[in-house]
Amino acid sequence: MKKLVMIGNGMAGVRTIEEILKLSPEQFEITIFGQEPYPNYNRIKLSNILQGDTNFDEIIINPLDWYKENRIQLFTGETVVKIDVEAKQVISNQGREVEYDDLIIATGSNSFILPIPGADKIGVTGFRDIQDCEMMIKSAEQYKKAVVIGGGLLGLEAARGLLNLGMKVDVVHLMPHLMERQLDPIASSLLRAELESQGMNFLMEKETIEILGDERVTGLRFKDSSEVEADLVVMAIGIKSNTEVAKNSGIYVNRGIVVNDFMETSVPNAYAVGECAEHREIVYGLVAPLYEQGKVLAERICVGEAKPYAGSVTGTQLKVAGVDLFSAGEIFEDGSTKSIMIYNEYDGIYKRVLTRNNLIVGIVLYGDTKDSTKLFRMLTKKEDISGVSIFQNECSGAGANDDIASMPNDELVCGCNGVTKGAIVEAIQTQGLTTLDQVSHCTNAGRSCGRCKPMVSSILAYTLGDQFDAAAAQKTSICGCTTLSREELMAEIKTKGLTSVKEVMIVLEWNNEEGCTKCRPAINYYLGMIHLDEYKDDRDSRLVNEKMHANIQKDGTYSVVPRMYGGVTTAADLKKIAEVAEKYNVPLVKLTGGQRIGLFGVKKEDLPAMWEELDMPSGYAYGKTLRTVKTCVGAQFCRYGTQDSMALGIELEKKFERLDTPHKVKMGVSACPRNCSEAGIKDIGFVGIDGGWEIYVAGNGGVDLRPGDLLCTVKTQKDVMEMTGAYLQYYRETANYLERTSKWVERVGLDHVKEVLEDEETRRALNERMDQTLKKYIEPWNEAIQNEEIQDKYYTQHTIKVGE
Amino acid sequence: MITTLTRIPVVNYSNLKARAGYSIKIDNTEIALFKVTNGKVYALENRSPHPKGGVLSEGLVSGEYVYCPFYDWKISLLDGKVQAPDEGQVRTFKVEREEDIVFIVL
Ligand SMILES: Cc1cc2nc3c(=O)[nH]c(=O)nc-3n(C[C@H](O)[C@H](O)[C@H](O)COP(=O)(O)OP(=O)(O)OC[C@H]3O[C@@H](n4cnc5c(N)ncnc54)[C@H](O)[C@@H]3O)c2cc1C
Ligand code: HEM
Ligand code: SF4
Ligand code: FES
């Protein structure tokens with residue numbers, strides 16, 4: 001495999017990687033370095049965070065799991081300091097050297113900080129990343145007065161955010177008009193009036209020459225020698241391409257890293273994309289063109305040939321509540337332009353389209369931007385406007401639906417991600433989508449700045465017609481087959497007394513008659529949980545591993561992992577395992593991470609015979625259920641041991657084996673705090689102490705490494721069993737399907753769980769339901785051996801030879 | 001070599017359960033046979049078009065689609081087409097039925 005290294009883990013770079021994976025998932029071994037200590041997040045939404053509309057977790061675009069799934073080696077919090085273009089390797093600030101065949105530089109840009117005295121004082125920041133954002137939020141808790149330097153997009157969004165955080169805000173601007181590069185004076189004055197009414201104060205035509213204060217900023221001084229007070233200064237005058245590492249390594253840099261139409265830099269096999277790149281003398285600062293660049297680059301790298309990138313026209317919108325504006329193309333008239341204008345000062349609506357030779361060359365809309373997609377399309381596609389009515393007739397009373405009906409299929413709805421109306425309609429129709437969430441997922445529309453969401457929503461309403469349910473479209477349903485959330489589904493199952501997966505899908509009007517891989521396993525779980533031992537499991541609604549009671553491997557073979565309660569075995573069992581492994585030519589025999597032995601690479605048709613010869617219960621190494629209980633040697637042999645950890649582990653594993661849970665559950669039991677069974681990173685961990693047991697919960701040793709929290713300390717083994725039963729049952733009843741205990745506890749709160757489990761009566765009731773549920777399980781391997789129908793349906797390979 | 005259409009009897013219809021996949025090997029071709037709820041039977045090459053491959057016969061069947069058990073791609077049983085946002089194509093085989101015998105046409 002070729003080695004691909006990327007410097008910078010931001011929006012443009014990671015989108016490029018997504019495009020590469022789409023084209024050619026197997027071609028590269030990918031390594032990404034990111035200076036920031038986070039996975040790729042939606043920088044655009046920092047404005048919304050500041051304004052209090054969302055939080056950090058919600059703006060992650062590619063969670064760490066995504067990197068894992070795509071086998072991308074990610075180094076966060078690590079900066080590349082040098083590219084050795086001769087040896088083709090990069091060197092990080094931690095001394096790590098990684099070789100590459102192809103290199104992508106996607107280092108973005110930095111806030112431009114005015115080179116004036118005092119710019120390094122505490123309380124002065126740019127507005128670029130999570131750290132800046134956190135700093136501003138913290139400052140707002142302690143300080144009252146903020147000054148934002150810069151009356152452009154970024155500055156106004158920052159100012160609005162700081163107002164929301166309860167600060168008094170002055171905006172300092174060098175020019176006489178706000179957003180002078182995007183707006184003409186009329187639109188600009190309308191904007192200023194609106195923002196002033198929201199509480200912003202403007203200091204226009206002021207040039208800052210010094211930042212005042214000792215350690216921390218106390219104010220600003222302007223060129224006209226006036227001064228203003230400030231506890232916080234946000235510099236939002238612009239961005240500066242981050243070209244340092246490229247420049248130091250001998251790559252040609254002008255304003256940005258100079259690239260050609262294929263995003264190639266001056267050095268072979270090194271490419272640049274995003275805000276760090278300069279293409280035909282332009283450095284772009286919005287995601288739409290950067291995503292286009294990413295597409296071209298992905299093609300260039302994967303296929304060799306690509307459609308050249310010819311530059312982009314960009315449209316701008318301001319993400320401030322109460323302000324509706326759009327701007328694209330040229331702003332100012334010259335001798336060759338003609339304007340088409342509507343100005344309704346009373347309603348605060350202003351629209352101006354600048355034309356030249358019957359073509360639209362510039363758009364400014366204020367107060368009403370619903371024409372923006374249409375006009376932007378006409379501008380980018382260079383449509384002749386003779387005889388076309390530019391603005392919609394105000395008197396026609398045409399509703400949103402008519403707008404959408406008349407919108408051509410190739411009209412761009414999501415500018416950031418280049419998604420057309422046609423693509424959205426097709427996705428809705430062919431995949432039966434009913435919520436905004438689903439549409440975003442399938443098409444990418446709305447995944448960046450989010451401004452297209454109202455339009456996407458209208459298209460959804462229009463496409464679904466009568467079936468559209470506005471409230472439902474906004475919420476998160478369990479999957480695309482329904483609009484019901486988990487809570488609603490559970491309530492419906494209970495009130496309507498639904499008892500089978502099929503019945504649920506029919507009665508609750510699933511739009512996809514037989515469901516999908518998301519809802520069917522979930523419904524099957526919820527039914528089993530609600531109806532305790534009265535529910536008959538729907539095996540065909542389980543995914544392959546649980547259906548087959550064996551883990552499927554990449555080549556279609558399976559693994560067999562028998563139970564070894566508490567990791568304790570006998571010579572006789574080991575012999576049996578060895579004999580079976582030999583007889584069936586098992587390619588790999590390995591100790592698993594869960595203290596037992598796994599046989600890997602088994603053919604499907606050998607499964608029942610092997611199970612029969614092993615004559616051991618299934619270890620459920622494949623299920624959303626109790627996996628293993630790891631134990632340490634404990635008091636029986638270890639001199640430190642205070643409790644019998646093996647005995648407790650075995651009792652736990654025997655009691656809770658086979659139980660269906662929302663996600664897999666692992667346990668560990670140690671007999672002293674040295675914790676040899678690593679019980680501190682298990683879903684439930686038990687640690688023996690003098691005179692009792694500590695119970696730790698919500699630990700996780702996997703992707704989301706998390707130490708367990710102490711739930712309680714109990715005295716006897718019996719108490720342990722009682723508390724564990726209650727805890728597990730409460731998890732089963734309240735977690736979302738596929739929610740690990742660590743996430744569940746974080747969602748509902750440890751204190752809440754403690755409170756519930758404190759009550760003895762509640763614990764008794766939970767344990768009662770648990771015990772009744774446990775009655776229904778039978779050993780699945782044995783069942784398969786006994787039942788020919790199961791064998792024929794699931795474990796037979798029909799081989800037919802055609803006589804030749 | 002002359003290519004001829006061969007019709008190969010593979011299984012008794014009455015033995016097939018709805019919403020289940022069966023893997024059938026005809027010489028060197030592995031075929032996944034599915035019976036769906038409405039009673040129709042479809043045959044596809046038993047290999048996911050995902051670059052990493054894997055069998056389809058163990059996938060979850062929903063209506064006239066099967067979900068690839070490894071990568072969750074949704075594949076039409078009618079024409080073998082992978083549904084958006086993923087892309088790909090699985091080879092399909094014609095299925096015929098006479099009385100209780102199901103044939104695959106190669
Ligand atoms: C507050 C705010 C609001 C915005 N609003 C909009 C909007 O509404 N619409 C819009 O289209 N755009 C908006 N943008 C712009 C948009 O976010 C950027 O255009 C986009 O993020 C640029 O992507 P990029 O990958 O080029 O750079 P970035 O996303 O900045 O990613 C570059 C990454 O590389 C890392 N890096 C740099 N040097 C190194 C090194 N040597 N080694 C390792 N890592 C390195 C950086 O830490 C950074 O994480 C906004 C930006 C901000 C800050
Ligand atoms: C006589 C006393 C001890 C016995 C019998 C014992 C036994 C074991 C055993 C059998 C393992 C599993 C090793 C493996 O996976 O192969 C283990 C792991 C471990 N032990 Fe101990 N141990 C003892 C003392 C200690 C002490 C004193 C500490 C810490 C202060 C400790 C900490 C650990 C840890 C953290 C692990 C798990 C990490 C790993 O396996 O790499 N043990 N111990
Ligand atoms: S956890 Fe304590 S008792 Fe158990 S093996 Fe380790 S040292 Fe011994
Ligand atoms: S226009 Fe920005 S996400 Fe759609």
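The values are calculated or read from the model by the stated rules, or taken from the named source; none is laboratory data. Model, not experiment: these values are computed from the prediction. Cβ placement follows ideal geometry from the backbone for every residue including glycine, while neighbour counts extend to all protein chains displayed. To get the accessible areas, we keep the full protein, side chains included, count just its heavy atoms, and leave off ligands, DNA and RNA. Shrake-Rupley method; radii C 1.70, N 1.55, O 1.52, S 1.80 Å.
Rounded to 0.05, the FRET efficiency of the B:LEU78 and A:GLU678 pair, given R0 = 51 Å and the Cβ-Cβ distance, is 0.55. Selection among A:GLY367, A:THR380, A:CYS302 by position relative to the dipole of chain A gives A:CYS302 as farthest towards the positive end (Cβ unit charges, Cα centre). Taking every residue in A:515-523 and counting other chain Cβ atoms within 10 Å of its Cβ, the average works out to 3.
Using 0.36 nm times the number of residues separating A:MET204 and A:PHE56, minus their current alpha carbon distance, what extension gain do you get? Each step should come with its number before you reach the end.
Values: separation 148, 0.36 × 148 = 53.28 nm, distance 3.33 nm.
Between A:MET204 and A:PHE56, full extension yields an extra 50.0 nm.
Put a dot 7 Å past the Cα of B:ILE101, heading toward its Cβ, do the same for B:THR37, and the two dots end up 3.2 nm apart. Annotation: amide H of A:VAL148 within the under-5 Å range of A:ASP170, A:VAL171, A:VAL172, A:VAL234, sequence separation 5 or more or interchain, hydrogens built in the peptide plane. In this assembly, the A-B interface accounts for approximately 3100 Å² of buried accessible surface in total, computed with a 1.4 Å probe and without ligands, DNA or RNA. Modelled label positions at A:ALA491 and A:VAL748, each set 7 Å beyond Cα in the direction of Cβ, lie 1.8 nm from each other. Shielding of peptide B:13-20 by partners, expressed as the average count of other chain Cβ atoms within 10 Å per residue Cβ, is 3.
Distance cut-off 25 Å, Cα to Cα: go down the list A:LYS22/B:LYS17; B:LYS35/B:LYS74; A:LYS240/A:LYS421; A:LYS295/A:LYS370 and report the pairs above it. In this structure, A:LYS22/B:LYS17; A:LYS240/A:LYS421; A:LYS295/A:LYS370 exceed 25 Å between Cα atoms. In order along region A:722-731, phi translates into HN-Hα couplings of 5, 5, 5, x, 5, 4, 4, 5, 5, 4 Hz, rounded to whole numbers, per the Karplus curve 6.51 cos²θ - 1.76 cosθ + 1.60 with θ = phi - 60° and x for Gly and Pro. Computing FRET efficiency as 1/(1 + (r/R0)^6) for A:PHE112 and A:LEU710, where r is the C-beta to C-beta distance and R0 is 51 Å, gives about 0.55. Per residue of peptide B:51-62, the mean number of Cβ atoms on other chains within 10 Å of the residue Cβ is 6.
Could you sort the peptides A:61-74, A:262-275, A:347-360 by per-residue average Cβ neighbour count (10 Å cutoff), highest mean leading?
Working: A:61-74: 16.0, A:262-275: 22.8, A:347-360: 17.9.
With the highest mean Cβ count within 10 Å placed first, the list reads A:262-275, A:347-360, A:61-74.
Each semi-axis of the equivalent ellipsoid for the protein assembly as shown is √(5λ) with λ an eigenvalue of the Cα gyration tensor; in descending order they amount to 54, 36, 28 Å. Residue separation of A:ALA405 and A:LEU774 scaled by 0.36 nm, minus their Cα-Cα distance, works out to 127.3 nm of gained length. Against the main long axis of the alpha-carbon atoms of chain A, helix A:287-303 sits at an angle near 60°.
Viscosity 1.002 mPa s, temperature 20 °C: what is the translational diffusion coefficient of region B:18-93 from Stokes-Einstein with a Kirkwood Rh over Cα pairs, rounded to a whole number of µm²/s? Can you show the working numbers first?
On the way: Rh = 11.9 Å.
In µm²/s, the coefficient rounds to 181.
Simple spin-label estimate for A:TYR143 and A:ASP759 gives 4.9 nm between the two label positions (7 Å along the Cα-to-Cβ direction from each Cα). Entry note, chain A: the mean residue ellipticity at 222 nm calculated from DSSP H runs of n ≥ 4, each adding -39500 (n - 2.57), is -10000 deg cm²/dmol after division by the residues and rounding to the nearest 500.
What you get for the protein assembly as shown, charging only the Cβ of Lys and Arg (+1) and of Asp and Glu (-1), is a dipole of about 1220 debye around the Cα centre. Could you work out what % of the accessible surface of chain A is carbon and sulfur, using a 1.4 angstrom probe and leaving DNA, RNA and ligands out of the count? Within chain A, the accessible surface is 49 percent carbon and sulfur.
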